[in-house]
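To keep things clear, I will list the structure first and then write my remarks on it.
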């Protein structure tokens with residue numbers, strides 16, 4: 001059974017601060033990891049993908065992966081009120097033909 | 001790039017009728033598309049994997065005779081919910097695979113079955 005665990009929150013962060021979102025997964029052979037942002041009533045929007053251990057930065061976002069600990073995180077620097085959303089961690093075990101297993105998401109609130 | 005569209009964006013139907021949802025990749029070709037379902041306050045659950053020119057692969061617990069999937073071309077996959085019932089009311093979202101790595105999601109279709 002593939003499982004992806006996230007703290008549901010809400011996680012409240014002041015504007016301008018760093019938001020840290022965490023995710024753990026159960027299947028050791030997972031190969032690909034994704035962070036999606038979902039606004040209420042909308043579909044998920046891809047923020048970051050990461051495939052190898054370490055950090056990957058894209059603008060204000062940094063994804064971190066530690067396969068030994070089965071842990072992936074997302075840091076959002078200089079948080080803005082528009083970052084308020086639910087952040088979904090998704091994992092793919094196999095190659096490109098496999099679907100994604102999603103966590104339940106962390107509800108992030110950026111306080112102005 | 002990587003735009004995926006869905007049609008319709010919302011649909012209301014009577015119990016027992018069938019509903020077809022279209023998913024299109026607008027600016028890239030997708031040999032693989034996926035269909036997910038999301039109930040209120042829950043996360044996305046993969047229903048099936050759709051491959052162009054072959055039969056769809058369904059996840060455990062998803063009835064293939066109820067949720068018919070056709071992937072007729074590299075840019076179009078359709079999901080037909082047959083004999084829909086109120087418990088099928090949900091947010092149906094497709095995604096298209098680009099380059100074997102990243103999945104891009106359509107805007108979703110909100111289905112309400114009365």
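Expected output is a single nm value to one decimal: the length gained when fully extending between residue B:17 and residue B:63, i.e. 0.36 nm times separation in residues minus the C-alpha distance. What is it? List each step's numbers first, then the result.
Values: separation 46, 0.36 × 46 = 16.56 nm, distance 1.64 nm.
Taking residue B:17 through residue B:63 to full extension adds about 14.9 nm, to one decimal.
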**Request:** Measure out, as a whole number of angstrom, how far apart the alpha-carbon centroids of the stretch B:51-83 and the stretch A:65-112 sit.
**Result:** 28 Å
**Cα-derived Rg to Rh of the protein assembly as shown, Kirkwood definition** = 0.97
**Asked** Order of B:16-29, B:66-79 by packing, highest average Cβ count within 10 Å first?
**Response** B:66-79, B:16-29
**Asked** Per residue and in Å³, how big is the convex hull formed by the alpha-carbon atoms of chain A?
**Response** 97 Å³
**Prompt:** What is the average number of partner chain Cβ atoms found within 10 Å of a Cβ in A:102-109?
**Reply:** 2
**Prompt:** For the residue pair residue A:8 and residue B:82, what label-to-label distance in nm results when each label sits 7 Å from Cα along the Cα-to-beta-carbon direction?
**Reply:** 3.6 nm
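Write down, largest first, the equivalent ellipsoid semi-axes of chain B in whole Å, where each equals the square root of 5 times an eigenvalue of the alpha-carbon gyration tensor. List each step's numbers first, then the result.
Working: eigenvalues 98, 41, 33 Å².
Calculated on Cα positions only, the semi-axes equal 22, 14, 13 Å.
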**Request:** Report the antiparallel proportion of the DSSP beta bridges in chain A as a percent, rounded to a multiple of 5.
**Result:** 90 percent
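Every read-out reported here was derived from the displayed coordinates using simple, explicitly stated rules and does not represent laboratory data. All values reported here derive from a predicted model rather than from experimental measurement. Cβ sites come from the backbone with ideal geometry, for glycine too, and all protein chains shown count toward neighbours.
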